[in-house]
Each structure stands twice: as structure tokens, then as C-alpha cells.
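I have placed the structure first, in the form of C-alpha cells, so that the comments after it can refer back to it.
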Amino acid sequence: MSIGDALGLFAAMAALAAMPSASVALVVTRAAAAGLAHGIAVAVGIVLGDLLFVGVALLGLTALAEAMGGLFTLIKLLGGLYLVWLGASMLLPRAGRSDLGAAPVSRRGLLGSVFAGLLLTLGDVKAVLFYASLFPLFVDVGQIALADVLLLIVITAVGVGGVKLLYALSARRLAAIALRDSRLGRIAKRGAGGLLLGMGGYVISTA
């Protein structure tokens with residue numbers, strides 16, 4: 001794998017990760033509403049999903065999405081329903097808490113955020129199309145070496161995870177500002193909830 005191919009793949013992955021999408025909405029809202037740790041956990045789940053796609057592409061099984069059939073649709077539906085549930089939970093009033101703030105960080109909660117990111121990525125049509133069509137333009141699967149595999153893992157982790165981490169950090173800073181203004185916090189929370197509801201509805205409608 002040449003340096004040019006590696007840089008091209010990194011740029012393509014970073015650009016795809018930066019595009020407004022359901023995964024970006026999930027990272028932003030989890031970081032803003034539940035804390036930076038949850039935003040990072042979602043990003044980890046997204047990276048794991050992308051690494052699974054990398055493994056599938058390297059094994060020459062780029063048609064796996066078609067073979068999955070109904071299972072792929074089910075994964076998309078579950079991801080969409082999770083987004084709807086998160087959005088609804090942010091819009092419904094809770095006694096004593098109407099603003100954005102960091103929820104207590106628990107191991108179980110973080111694992112849930114990781115799983116949410118993983119599930120959403122596995123049902124992402126853009127990711128499937130990228131690894132099925134564009135990925136082979138940068139990687140010669142027939143001549144892949146161990147060093148190339150390790151490089152692909154680093155490129156995926158930094159290119160995808162780095163972009164999502166930037167989204168999480170930005171969202172947390174905005175949440176800190178909102179915490180100092182209760183009215184702004186309520187508006188931000190409702191906006192984030194509405195965004196998740198819309199994204200979830202879109203994912204379900206395209207499943």
C-alpha cells in the first residue's frame with residue numbers, strides 16, 4: 001500500500017466521517033447530554049463498526065450487505081428506533097432536570113453508547129457503499145500484507161474516530177455554555193432531541 005493510497009484513503013474516510021449523518025447526531029447529542037465519555041464511547045462503537053467493514057472488504061466479501069438481506073434491514077431498524085428513543089427521552093420533561101448536563105458515567109451506560117455507535121454504523125448505507133465500491137480503489141486486496149492491515153487499522157481509528165472525537169469535544173463545550181443559561185440549555189436539549197427524532201425517523205424510513 002503506497003503512501004499516496006494511504007493518504008487518499010485517510011482523506012476519504014475523514015470526509016465521510018465528517019458528513020452530517022445519524023452517527024454524527026448521536027455522537028453530538030450523547031456528548032452534550034450525557035457527558036464527553038459517552039460521546040467518546042459512541043465514537044469507539046462507530047470505529048469498531050468501520051473496522052468490521054474493513055475486515056469484510058479485505059476478505060473479499062463486499063457483497064455481504066446483499067447476502068444479509070433482512071438482517072441488514074433489521075439492524076437499520078434497531079438503530080433508527082434507538083435514535084427515536086433517545087430523542088423522545090430528551091424531549092420528555094424530567095422532574096428536577098430540564099437542562100443539558102452530564103449524567104453519571106457507568107460502565108453499563110458506556111457499553112450501551114458503544115453498542116449504539118456500532119449498531120448505527122453497521123446499518124449505515126454510506127459505509128456499506130464506501131467499503132463495497134470506493135475502498136478497493138485505495139487497497140489492493142490481492143496483495144495486502146500484515147503491515148498494510150495494521151496501517152488500515154490506524155487509518156480507520158484516526159480518520160473516523162478522530163473526526164467523531166472532534167464533534168464530541170465541540171458538543172461538550174457547547175453544553176458547558178448551555179449549563180450556565182438554563183433557558184439556552186432547555187432550547188439546546190429540545191433541539192438535540194428533535195434532531196435525533198428526525199434522524200431516527202429517516203433511518204427507519206430508508207430501512
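The values are calculated or read from the model by the stated rules, or taken from the named source; none is laboratory data. Fair warning: this is a prediction, and the values are worked out from it, not measured in the lab. Cβ placement follows ideal geometry from the backbone for every residue including glycine, while neighbour counts extend to all protein chains displayed.
Taking the listed residues 197, 151, the one that is at pLDDT 85 or above and part of a helix (DSSP H, G or I) is 151, with no other qualifying. Do we find a residue being charged (D, E, K, R), out of contact with any Gly (no Cβ under 9 Å at 6 or more places or on another chain) and either over 16 Å from residue 112 (Cα atoms) or surrounded by fewer than 21 Cβ atoms within 10 Å (Cβ to Cβ) (or both) anywhere in segment 2-13? The answer is yes, given that some residue of segment 2-13 is charged (D, E, K, R), out of contact with any Gly (no Cβ under 9 Å at 6 or more places or on another chain) and either over 16 Å from residue 112 (Cα atoms) or surrounded by fewer than 21 Cβ atoms within 10 Å (Cβ to Cβ) (or both).
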